[in-house]
1. Hey, residue 14 hits all of (1) open to solvent by 50 Å² or more (accessible area, probe 1.4 Å); (2) of a type outside the set (Ser, Thr, Tyr); (3) over 14 Å from the mean Cα position of the chain (by Cα) but one; which does it fall short on?
2. What is the residue count in the stretch 306-332 for residues that are without any contact (Cβ under 8 Å) to a residue 24 or more places away in the chain and open to solvent by 10 Å² or more (accessible area, probe 1.4 Å)?
3. Here are some conditions: (1) part of a helix (DSSP H, G or I); (2) open to solvent by 10 Å² or more (accessible area, probe 1.4 Å). Residue 342 meets all but one. Which one does it not meet?
4. Based on this model, can you work out whether residue 143 counts as farther than 18 Å from residue 344 by Cα, open to solvent by less than 10 Å² (accessible area, probe 1.4 Å) and out of contact with any His (no Cβ under 8 Å at 6 or more places or on another chain)?
5. Here are some conditions: (1) open to solvent by 60 Å² or more (accessible area, probe 1.4 Å); (2) of a type outside the set (A, V, I, L, M, F, W, C); (3) touching a residue at least 60 places away in the same chain (Cβ under 8 Å). Residue 130 meets all but one. Which one does it not meet?
6. Go through (1) in a helix (DSSP H, G or I); (2) at pLDDT below 90; (3) open to solvent by 60 Å² or more (accessible area, probe 1.4 Å) one by one and return the number of the condition residue 4 breaks.
7. Can you pull out the residues in the stretch 89-106 that are closer than 16 Å to residue 169 by Cβ and either of a type outside the set (Ser, Thr, Tyr) or surrounded by fewer than 23 Cβ atoms within 10 Å (Cβ to Cβ) (or both)?
8. Regarding residue 284, is this residue open to solvent by 40 Å² or more (accessible area, probe 1.4 Å), within 23 Å of residue 388 (Cβ to Cβ) and not aliphatic (A, V, I, L, M)?
Amino acid sequence: MCKDKAYPWLLVGLLWVVALLNYMDRQILSTLQTSIAVDIPQLRLAENFGQLMAVFLWIYAIIGPFAGMAGDRFDKKRVIVYSLGIWSLITLLMGFAQNFTQLYILRAGMGLSEALYLPAALALIASEHTDRTRALAVGIHMTGLYVGQALGGFGAVLADVASWRMAFIALGVFGVAYALLLCVCLRSSKNIQTNSIEKQGLGGVIDSFKQLLKSPQFVVILFYFSAISMPSWASKNWLPTLFAQNLNLDMKIAGPTATITLALASFVGVVVGGIMSDKLGARFLRGRIFVLSVGLFLCIPGLVFMGFCQSAVWVVVAGLCFGVGFGFLDASNMPVLCQFVNSRSRAGAYGIMNTVGVSAGGVVTVLFGRLSDGGNLGMAFASLAIFMAIVLVVVSVLLKPKKQNV
């Protein structure tokens, strides 16, 4: 057994792999549209593909608050292991899908199972780390999401080398095996509440929701999170298509180019932003809010230039700018939440944030599918800069923490 001082960072390392699988398993579908469409013709329409991507988000959004509350009330280790095991099994089964309906049902099941992971994982990391290392620990964990997203961009390459079915099957088998490993390596979470959801009842869960929503500051955080989720999900689901259209590239090149550009930039942003957030947070009460503002500011020109530029150099530069900015946001989200929500409710609070954020992302995903069919995808990306500018003003003016850690 590792020493207590080492375990918080070991935890980050173990969950980093889960984070990678979390995004790789969901992201790989975005570059497999052409390959799967050979066997399932309905996916030749971008609107149908958008519906397939969006069902994940709708289910993720519906289950989000309850998944978050489960992370507060049950052993977070079990929540994480069950989540990984179930979505990995679903990924494996997607390799055997024979029609659009089967893919649609499995994609919905993936949304349900993956919704359990992030609230429990981020709350667990936040509880194991102090204010001095919390943002950096969260940031390093989030780099796993970026690497998973980048590797997911190679889906078209894997399909070309083997098949789209083998890509899903291989990922699913690895995820199930890693879930079994976590059963041994993860410790049970501290301070498990004795009143489970079964004892507390649905009314108790609703009361918890009401208490969170009574906080004006938390409502501001919800607005902020929903606004930044629109470009976040748009880039995850449609950036490869945008690169292919704007730069006239084959998806086997556009997919990796888009996802790697975004992932590398976000990787840098989340580490630098995490260090800045911890350093400034230790010196100023609103230090973490300042890091959020910087991240939002960087995202605005990135979106505009990604949408309008048709030069490979400028599109990549714009993607790098957006990625670094979003890395700042990802590193600071949970530490900022810790300034307004106590440790017993953080997973539930993040679950609610996921619901509003993913709901916004679902709307954007479907809308962008229609706009892509009409040739207006670039304009859609650029228009999201307006929402980022609005939320920059709101966050800078209205978020006023009273403590570094509630």
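1. Looking at each condition in turn, residue 14 falls short on (1).
2. Of the residues in the stretch 306-332, 4 are without any contact (Cβ under 8 Å) to a residue 24 or more places away in the chain and open to solvent by 10 Å² or more (accessible area, probe 1.4 Å).
3. (1)
4. Working: farther than 18 Å from residue 344 by Cα: yes; open to solvent by less than 10 Å² (accessible area, probe 1.4 Å): yes; out of contact with any His (no Cβ under 8 Å at 6 or more places or on another chain): yes.
For residue 143, the condition - farther than 18 Å from residue 344 by Cα, open to solvent by less than 10 Å² (accessible area, probe 1.4 Å) and out of contact with any His (no Cβ under 8 Å at 6 or more places or on another chain) - is met.
5. Here residue 130 meets the rest and fails (3).
6. Of the numbered conditions (1) in a helix (DSSP H, G or I); (2) at pLDDT below 90; (3) open to solvent by 60 Å² or more (accessible area, probe 1.4 Å), the odd one out for residue 4 is (1).
7. Scanning the stretch 89-106 gives 89, 90, 92, 93, 94, 95, 96, 97, 98, 102, 103, 106.
8. no
The values are calculated or read from the model by the stated rules, or taken from the named source; none is laboratory data. What you see is a predicted model; the values in this text were computed from it and never measured. Don't worry about glycine lacking a Cβ; one is built from the backbone with ideal geometry, like all the others, and counts go over all protein chains shown. For the accessible areas, the whole protein counts, side chains as well, though only heavy atoms, and no ligand, DNA or RNA atoms are used. Shrake-Rupley method; radii C 1.70, N 1.55, O 1.52, S 1.80 Å.
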